[in-house]
Amino acid sequence: MSDTSEIDPTVTAELTRLRESIDNIDAAVVHMLAERFKCTQQVGVLKAEHQLPPADPAREARQIARLRELAESAKLDPAFAEKLLNFIIAEVIRHHETIADGAR
Ligand SMILES: O=C(O)C(=O)C[C@]1(C(=O)O)C=C[C@@H](O)C=C1
């Protein structure tokens with residue numbers, strides 16, 4: 001059923017409306033992530049300047065616990081929220097390591 005001419009126009013309109021919201025949300029996610037990475041880049045510079053380790057497992061544990069609680073109250077799968085945060089943090093640590101390598 002890939003031929004849209006066979007789909008009920010009210011269904012197509014509803015699908016379009018929902019996809020417009022999805023596109024707006026995806027744009028917001030990209031902008032929020034860009035802001036987050038701007039902050040973490042500054043953290044990376046600060047850590048490199050003061051010879052602090054790129055990763056802070058204790059901080060991560062607090063972030064994960066907090067995010068899992070937020071996810072639960074928002075009816076989002078806490079395991080998914082944890083995986084997403086870990087994915088983002090792994091990238092941040094990679095950036096921190098690159099900054100630290102450049103400072104040596
Ligand atoms: O808060 C820090 O120390 C950071 O470097 C930021 C951040 C994060 O992305 O939130 C990344 C790496 C650390 O292990 C913990 C948290």
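The values are calculated or read from the model by the stated rules, or taken from the named source; none is laboratory data. Keep in mind that this is a model prediction, so the values were computed, not measured. Here the Cβ is made from the backbone with ideal geometry for all residues, glycine too, and neighbour counts use every protein chain on show. Side chains included, ligands, DNA and RNA excluded: accessible areas come from the protein's heavy atoms. Shrake-Rupley method; radii C 1.70, N 1.55, O 1.52, S 1.80 Å.
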task = Tally the residues that are exposed (fewer than 11 other Cβ atoms within 10 Å of the Cβ) and not charged (D, E, K, R), restricting the search to segment 54-64.
result = 3
query = Quick one: how many residues across segment 1-42 are within 24 Å of Glu97 (Cα to Cα) and of a type in the set (Asp, Glu)?
reply = 1
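A quick yes/no check of all residues on (1) open to solvent by 60 Å² or more (accessible area, probe 1.4 Å); (2) modelled with pLDDT under 95:
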| residue | (1), (2) |
| --- | --- |
| Glu6 | yes, yes |
| Arg19 | yes, no |
| Ala28 | no, no |
| His31 | yes, no |
| Val45 | yes, no |
| Ala48 | no, no |
Pairs where the first residue, in segment 43-63, is farther than 13 Å from Glu97 by Cβ and the second is open to solvent by 60 Å² or more (accessible area, probe 1.4 Å) and modelled with pLDDT of 95 or more, C-beta under 9 Å, 6+ apart = Leu46/Leu52; Glu60/Asn86
